1. Determine the distance separating the Cα centre of the range 561-608 from the Cα centre of the range 299-350; give it in Å without decimals.
2. Quick check: pseudo-label points 7 Å beyond the Cα along Cα→Cβ at Thr491 and Lys571, how many nm apart are they?
3. For each of Val141, Val121, count neighbouring Cβ atoms within 10 Å of the residue's Cβ, then give the residues from fewest to most.
4. Ratio of alpha-carbon Rg to the 2.2 N^0.38 Å globular estimate for the range 381-437, to two decimals, please.
5. Among the lysines, which have Cα under 26 Å from the Cα of Lys564 when same-chain residues fewer than 8 positions away are ignored?
6. So what's the net charge close to Arg448: Lys and Arg +1, Asp and Glu -1, counting the other residues with Cβ under 13 Å from its Cβ?
7. Averaging sequence separations of C-alpha pairs under 8 Å and six or more residues apart, then dividing by the length of the chain, give the relative contact order as a whole percent.
8. Among Leu233, Phe165, Ser386, pick out the residue whose Cα is farthest towards the positive end of the charge dipole of the chain, where Lys and Arg carry +1 and Asp and Glu carry -1 on C-beta, about the Cα centre.
Amino acid sequence: MPQEKRQELLNKALSLPLTPGVYLMYNKQNTVIYVGKAKALKNRVCQYFRAGNDHTPKVAKMVSLVDHFEYIVCENEFEALVLEASLIKQYQPKYNILLKDDKGYHYIEITPYPWRRISAVKQKTRDDATYLGPYYSASVVEQSVSEACKVFGLPTCHKRFPADFGKTRPCLNRSIGLCSGVCSGRISLKEYEESVDEAIRFLKGGYQATLQALKEQMAQASQELQFEKAAKLRDRIRAIEKLSDKQKIVAGSGKDQDVIAYAGTLEQGCFEVFRFTGGSLTDREHFFVEAGEEDPRAQFLLQYYQGNRQIPPRILLDKPTENMDQLTAYLAEKRGKKIRLFVPQKGEQRALMQMCIHNAEERLINTAGRKSREASVLEELAALLSLPHPPKRIESYDISHTAGDENVAGMVVFVNGKPSKKDYRRFRIQSFAGQDDYGSMREVLSRRLKEYEEQKESGQGFGVLPDLILLDGGKGQLHAVLPLLRERGYTVPTFGMVKDSRHHTRAIVGEQGEIEIKANRSVFTFVTTVQDETHRFAITYHRKRSGKKMVRSTLLDIAGIGPKRAEALLKAMGSVSAVAAADVEQLEGIRGMDHPSAKAVYDYFHSENS
C-alpha cells in the first residue's frame, strides 16, 4: 500500500469515536473483504494503518488491499458482537474465516402413492413429493434414511414398481434381510405402504416413539393370535434397539443438548460440536478457524446458531467466554424458550466435555501433522531448486492434442502443497492450428500473464502470481517460456518436469540443466503427483473436446445435415444413439429440421450399410 494511501486511511481512523462498533474494510472493487468489531473503534482501526505495526502475513495482505472503510456505532460491546456475526454472514468477506462457507440444507423426500419411496435429497425438486426437513446435517439425513430403510425392509435400488416386478432376481439386500424383496412382486401394496408409514413415523419420532408404538402393536397382534405379524414386529423392535444401542451415549438426564469444545495453536483452531438428542449422539461437526488475538467462542456461537440450525435447551462450553449472560439471553430469544449456557465442572457432563475436547485436539493434531509434512516437502523443494522461500502457490501446465488436432492446455494449482481445484483452468490454443508444443506453451503463459495484469487488484484467482511454475516437458518448453517472462518483467522461478521413456517422472530441468530428484523421495513423490495431475487434467479436457468433435462428425456425414442441425439434434436427443433410435416424426419435430432432412437421418441409420 502506498504511504500516501496509508496516511489517508489513518487520518480517517483518527476521527472515529471511542465507542463500541463494527467496521467494514473495502477493496478498490467496493467489495467487503473484512468485518471486525471493536470496544473502541478509533483505537482498533488505527492499529491497522499505523506504520511499524507488526501484523501477521494474513492481516498485512488484507491491509494492503484496503481502499476505504465504513463503520457502525453500537450501544455496547455485545451489540457489536451480534452485528459483526450478521454482517459476516451477509457479506462472506474473504478475510473472515469463521463458518463463512454455509452448508446447504437437506431433506427427506417421500414420493407419492402408490409404491412410495424414501430418500435423502439436497433440494426440493418434485411438486408431487412430500418432504421432511430442512435438516442442516447431511450425515443425519443419510443415516436416518438408511436406518429406516433397513429396519422396515424398504428398497434402496432404482427399480420401478410395479413395472419391474419379476424382471430380475432380488438383490443381495433381500438375501441378507435388509430389504423385503418388493421387486419379486410377492409383497402386497397394502403391506408395503404400511411399512412406509412406519418408516415415516420412525423418521419423525425417533427411536423411543417408534419402539413404544411397535411394542403396542406387537402386544395387540399377540392377543389376536396373529403370531406371524407379532414375530415380524418383534424383529423390527430388535433391529431398532440394536441401532439405538450402537449409537447411544447417555448424557446426564437425556435432554437435548450441544457440547462445544475448542482446541487451538498460535496459528489455527478447531471447534468440535457434539449434538445430542434424547441422550443419543445424533450428529458431529467440526470447523477449522485461524487463531486470532481474541477468544473466538462467542463469535462462533453466534454464527453457528444463525439460520435454521436448531438451538437446544442446553449448550455446554469447555471454557467461559465473554458476554455469557448476554449470549444466553440472545440465544434464548432466538429459540423462543429458555436455554442454559454453562461450563460443566464434574460428573457425566464433564466427561462428555473431555471427550469433545479430545476430539477437537485430535483433529487439530492430524491437520497440523498433514500440514507439517506438506510444509517439509515444500521446504525441501525450495532448497533443491534454490528458491528464496518455500513456494506457497505452484502452477503447472501441460499441452494435450492428437497430432495437432484439438490443441488444448491444462493449468493445475497447488496451494501449500495441496491441489486447489477451484483455481484449475483450461485453455484452447487459439493463435495457430497444428502441432507446436513450444508455441502452445508460450501462448498459454502469455494469456496467463495478461489475465494477471488485468486482475491483480483483486488478489484472487488469476490476480495472484505463482511462487513457482512447472511445465510438463524439457528444455524446449522451458526456453519457449523464459524469454516471455523476462519480456513482461516477471521473475517467477520456472522449471520443466522431465519424463523417461516410460512416461514416468525422471528429473526437473532448469536453465543450468537437469536436477536429479529421485534421491529425495518426498520431493520426487510430490513432483510426480503434480505432473500426473497436470497430465490428467489436460488430457481429460482434450478427450472431451475430441469426443464432441467425433460425435458431430458422425452426423455431418449425413446429406443435408450441417453443423447447426447436428448441434440441434444432439441438444434435443442427448446422444447419437438416441438420434439413431428416433423415428422420422420425432426427428422432424426438432427445431431446424424438416421432412427431407429427418428422412435423410433416419435412412442413414437404418440402411443396410449403416
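Derivation of every value follows stated rules applied to the coordinates shown; laboratory data play no part. For clarity, every value in this text was computed on a predicted model and none was experimentally measured. Every residue, glycine among them, receives a Cβ derived from its backbone with ideal geometry; neighbour counts consider all protein chains shown.
1. If we compute the Cα centre of each part, the gap is 63 Å.
2. 5.2
3. Val121, Val141
4. Expressed relative to 2.2 N^0.38 Å, the Cα Rg reads 1.44.
5. Lys544, Lys548, Lys549, Lys599
6. Working: positive: Arg393, Arg425, Arg426, Arg442, Arg447, Lys450, Lys456, Arg488; negative: Glu395, Asp423, Glu443, Glu451, Glu453, Glu454.
In short, +2.
7. With pairs under 8 Å counted, the relative contact order is 7 percent.
8. Value: Leu233.
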